[in-house]
1. From the list Arg325, Arg355, exactly one residue is among the basic types (Lys, Arg) and surrounded by 14 or more Cβ atoms within 10 Å (Cβ to Cβ). Which is it?
2. Pull up the range 508-536, narrow it to residues that are within 13 Å of Leu573 (Cβ to Cβ), part of a loop (DSSP other than H, G, I, E, B) and charged (D, E, K, R), then point me to the one that is nearest to the chain's Cα centre (by Cα).
3. Quick one: how many residues across the range 397-422 are farther than 12 Å from Tyr471 by Cα and touching a strand residue (DSSP E or B) at 6+ places or on another chain (Cβ under 9 Å)?
4. Answer yes if at least one residue in the range 227-235 is farther than 30 Å from Ser568 by Cβ and touching a residue at least 24 places away in the same chain (Cβ under 8 Å), and no otherwise.
5. Restricted to the range 40-77, and to residues that are modelled with pLDDT under 75 and of a type in the set (D, E, K, R), which residue is surrounded by the fewest Cβ atoms within 10 Å (Cβ to Cβ)?
6. Picking from Leu423, Leu419, Leu391, which residue would you name as being among the hydrophobic types (A, V, I, L, M, F, W, C) and part of a loop (DSSP other than H, G, I, E, B)?
7. Of the conditions (1) surrounded by fewer than 19 Cβ atoms within 10 Å (Cβ to Cβ); (2) under 25 Å from the mean Cα position of the chain (by Cα); (3) small (Gly, Ala, Ser), Gly258 clears all except one; give me its number.
8. Would you check if Asp359 is at pLDDT below 85, in a loop (DSSP other than H, G, I, E, B) and outside the structural domain of Ala163 (by TED's automatic domain parsing)?
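The values are calculated or read from the model by the stated rules, or taken from the named source; none is laboratory data. Quick caveat, the model's predicted, so the values are computed rather than measured. No Cβ is skipped: glycine too gets one built from the backbone with ideal geometry, and neighbour counts run over all protein chains shown.
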Amino acid sequence: MRLIELTFPRLSRLLPPGRYVAVVFVGALVVALELVGRLAQNDVHDSLAASALLAAVALAFARHKGRPWPGTRFARRRLGRLLEHVRGNYGVDLRGDPPLPLRTPSGAWLTLLGLLAWTAVAGSVWWLCPNGWRDLGVNTSYVVYLALLALLWSALLVVMIGALFFTVLLLDRQVHPGGRKSQERRAGELAAFFAYLVTVVTLAQLIPVVAVVGLCGVVALLALAAAGFSPAGTQALLWRSRPGRPIYAVPQQRIVAGFCALTALFVGNLLLSACGGRLLTSPDKFDPMLMTDLIGVSTAWMVPGFVAMAAFTLWKLRAADPANRTPLGLHWTTDLPIASLKGCPLLAARGWRVRRRGDRRRPGDVAIILVAPEQSEAFEFQPSWPLKVSLRDLDNPDVIDRLARRDALQLRRRAYRGLRKILGRAYGLKKRKGGYYRFAPHWWHAAALTYEEPPRRADDAPTPRHVGPWYASVFRPRVRQQFHAMMRAVEIDEVIVDDGVPARAVERVIRALFEVYDKHGGLRRAEDHLFRLIPRVRTMIHECQPDAPRVARRRAAGFDESQYVELSRARVLHVFKDEGDSEATADAPFDLSWEPAPSADYR
């Protein structure tokens with residue numbers, strides 16, 4: 001016993017110290033997997049080995065929290081510099097005037113070349129190894145093969161779950177844009193969801209995977225063609241390679257189309273890597289990569305539904321883009337024997353949509369009544385609506401301008417009602433004080449009024465959240481088009497409202513913008529002095545220009561944001577609450593002058 005007690009401390013010297021135990025354990029596990037893993041027969045056995053490898057990686061990360069691995073600080077510094085470079089050399093352009101030269105960043109082209117190289121490598125590997133690339137991985141390095149297999153499975157599962165989730169989400173947004181659903185509708189949607197899953201499983205058994213891979217290729221080609229021919233729009237992404245270099249712009253259409261093309265290529269490469277040898281046949285139970293084929297087939301048939309819903313959503317967004325211009329709708333009724341109004345030259349020149357008496361009158365249509373010339377009220381000072389006009393009046397430009405003005409007033413009233421509804425719902429929500437609202441209904445990517453809460457700490461950046469109803473459920477497309485025409489004319493890209501500004505004051509600010517637009521015919525931009533007569537608010541127009549230095553603000557972590565320059569371009573209207581002299585506390589001024597005061601006579 002005495003001998004064991006004396007020998008054990010000496011034997012403990014042969015064991016590695018505590019900080020190297022994790023390294024020795026992970027190394028021993030890797031060696032064991034390289035030796036034992038070659039005896040596995042299929043990817044079912046590989047899944048067990050991959051689980052052990054993932055457990056070792058988790059152990060390494062757990063050990064890294066207590067004692068960092070050597071080289072992690074250097075990698076973190078390099079990653080921080082890369083993120084700072086990306087942050088300081090990209091911005092958003094909401095002005096578009098004057099136009100900047102168009103050029104796509106080199107990173108997008110490198111990503112495209114990498115995906116095309118992946119396609120070539122995956123096709124070549126399956127051509128050389130028709131039974132699966134498992135044999136190639138096992139005979140070279142089993143651990144590397146397990147790592148690639150784990151990454152492939154993880155990507156396939158993410159794509160499968162994401163495609164299913166976003167398909168249901170987009171369908172729900174199209175069916176219920178307001179978000180309100182009854183119990184019967186929820187049951188119907190659940191039944192439709194299970195029917196969709198049954199359809200996907202049936203298609204997976206009947207149609208080979210090559211159809212889905214071909215669909216991904218077609219989507220990628222169409223998206224690349226759309227990206228190549230996309231015109232320069234108002235909204236764009238500004239970028240430059242490094243400070244001091246020229247600034248270039250990428251149109252929003254090119255960004256959306258390029259993202260769709262890269263995503264389609266990525267999904268197609270995943271499917272080609274998973275079941276490239278089984279593109280024309282169904283998975284075989286004796287296949288050494290049976291699990292990979294099954295996961296690939298399941299993921300493949302989740303893609304067509306998502307592609308269909310995404311294409312339909314993009315088409316809806318394009319149709320509802322406030323930058324479009326929908327013609328005015330003119331609805332007429334009459335008791336006279338008149339066949340049509342489309343023969344009027346002024347109506348045809350303006351492209352108005354004329355709806356007859358039998359057609360349903362849509363909200364926002366300008367209603368008129370066709371009468372005899374002696375009963376016409378087209379030139380009355382305060383006529384009653386629907387306006388009584390004759391066919392001879394419709395050839396008069398003044399009458400046509402009056403109908404157009406009536407349409408603008410109807411849209412204006414709908415805009416004010418919608419604004420009051422949005423602000424009423426948003427102001428009633430519980431939130432922390434001190435934030436601000438962002439109002440921009442004239443941009444297609446703005447779905448609703450957003451609220452940004454004040455940060456709790458100096459280095460905190462809260463995520464903006466939507467408050468109030470969606471713009472699409474409150475404003476009709478022509479109302480948002482009216483906002484777009486007005487905002488672009490007065491050169492206001494966004495309205496930021498400070499928390500605490502009354503809703504009535506916000507409405508007065510929007511009314512002032514419309515007043516500037518009407519008085520000057522869209523030829524004058526808004527300035528600060530135009531809002532001075534609005535009570536209880538103060539306004540400031542901030543013009544963001546490229547290469548303008550930001551306000552110095554040092555965070556708690558020592559990060560100085562003033563070292564970056566502003567690369568975005570926009571003109572923002574800030575609305576603040578006017579505190580007033582009665583609400584602001586101020587010290588009484590100290591009087592330095594002294595004059596003798598007359599004293600009373602006590603005699």
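1. On the way: Arg325 fails: surrounded by 14 or more Cβ atoms within 10 Å (Cβ to Cβ).
Step by step, each of Arg325, Arg355 is checked, and only Arg355 is among the basic types (Lys, Arg) and surrounded by 14 or more Cβ atoms within 10 Å (Cβ to Cβ).
2. Arg525
3. Residues in the range 397-422 being farther than 12 Å from Tyr471 by Cα and touching a strand residue (DSSP E or B) at 6+ places or on another chain (Cβ under 9 Å): 7 in total.
4. Within the range 227-235, the subset farther than 30 Å from Ser568 by Cβ is none.
Within the range 227-235, none of the residues are farther than 30 Å from Ser568 by Cβ and touching a residue at least 24 places away in the same chain (Cβ under 8 Å).
5. Lys65
6. Leu391
7. Looking at each condition in turn, Gly258 falls short on (1).
8. yes
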